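S.K.: I have a structure here, written as structure tokens, and I will follow up with some questions on it.
The values are calculated or read from the model by the stated rules, or taken from the named source; none is laboratory data. What you are looking at is a predicted structure, and each value in this text was computed from that prediction instead of being measured. Neighbour counts are summed over all protein chains in view; Cβ atoms, including those assigned to glycine, are modelled from backbone coordinates with ideal geometry.
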Amino acid sequence: MTRTEAPRPTAPSAVAAANGLSRAPALPPPRRRRRPALLALAVAMVVLGAVGAAYLATSLGQTAPVIAVAREVPWGQQITAADLVEARVSADPALTPILYGDRDRVIGMVAATTLTPGSLLTREALTEQPLPPPGQQLVGVGVSAVQLPATPLRPGDDVLLVPVTGGGGAAAPDAAAPPRTVAATVVQSGAPGTDGLRVVDVLLDAADGPDVAARAAAGLIAIVVVAGE
């Protein structure tokens with residue numbers, strides 16, 4: 001038996017040729033329109049982002065060693081090495097801390113205000129004038145618990161030194177030398193001693209120093225805190 005082969009499909013081009021038709025030309029893919037302005041903007045944003053990141057990294061890396069306060073330093077106290085610690089901060093025109101390289105010059109100076117831990121040390125917070133300053137005297141006043149407020153005294157507090165009698169009441173006027181209430185400023189307040197007395201160092205006018213010292217030695221001074229200016 002003779003095997004009959006199935007007819008093969010005719011390609012469209014052959015069919016078109018057989019029918020006398022020309023082959024349709026192949027169309028090229030559509031070309032994308034380039035937008036130079038958008039391309040330039042994208043490039044500019046990339047460049048600016050890189051520059052900004054580099055500037056930020058450089059700024060964060062540029063820190064300077066400065067002096068910070070390690071522990072509280074009361075007003076009027078001398079600065080010691082243990083009061084200072086190194087800190088690193090970025091440059092800022094609003095900050096004027098003392099560089100850590102000047103640490104040796106700071107030690108021995110006097111706190112012009114109470115220095116708090118963690119704060120940056122500035123020139124305005126220091127003075128070279130030791131206590132007492134000219135025209136004033138530093139007197140230690142020993143007082144019992146009933147001769148001063150229960151609220152702790154702080155360096156810089158304005159107080160009145162009020163003369164009292166031996167019994168703790170107000171002193172009787174003396175026509176010859178009437179006791180006077182004396183204005184003073186607290187430098188520091190010590191802890192109570194074994195006798196129950198607390199010594200408070202005060203600054204006052206030199207003219208009042210000897211009288212206050214004599215009365216304080218006899219326990220005839222009470223301390224009253226007044227409002228500051």
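S.K.: Among the residues of the stretch 204-219, write down those that are surrounded by fewer than 19 Cβ atoms within 10 Å (Cβ to Cβ) and either in contact with a helix residue (DSSP H, G or I) (Cβ under 9 Å, 6 or more places away or on another chain) or closer than 20 Å to THR114 by Cβ (or both).
M.R.: GLY219, the sole residue that qualifies.
S.K.: Within the stretch 88-137, track down each residue that is under 25 Å from GLY156 (Cα atoms) and small (Gly, Ala, Ser).
M.R.: GLY108, ALA111, ALA112, GLY118, SER119, ALA125, GLY135 - these are the residues of the stretch 88-137 that are under 25 Å from GLY156 (Cα atoms) and small (Gly, Ala, Ser).
Each row is one residue, and each column tells you yes or no for (1) at pLDDT 90 or above; (2) of a type in the set (A, V, I, L, M).
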{"position": "ALA50", "(1), (2)": "no, yes"}
{"position": "LEU60", "(1), (2)": "no, yes"}
{"position": "GLN77", "(1), (2)": "no, no"}
{"position": "ASP83", "(1), (2)": "yes, no"}
{"position": "PRO93", "(1), (2)": "no, no"}
{"position": "THR96", "(1), (2)": "no, no"}
{"position": "ARG105", "(1), (2)": "yes, no"}
{"position": "MET109", "(1), (2)": "yes, yes"}
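S.K.: Looking at the structure I just gave you, is GLU128 under 21 Å from the mean Cα position of the chain (by Cα) and surrounded by fewer than 16 Cβ atoms within 10 Å (Cβ to Cβ)?
M.R.: It is false that GLU128 is under 21 Å from the mean Cα position of the chain (by Cα) and surrounded by fewer than 16 Cβ atoms within 10 Å (Cβ to Cβ).
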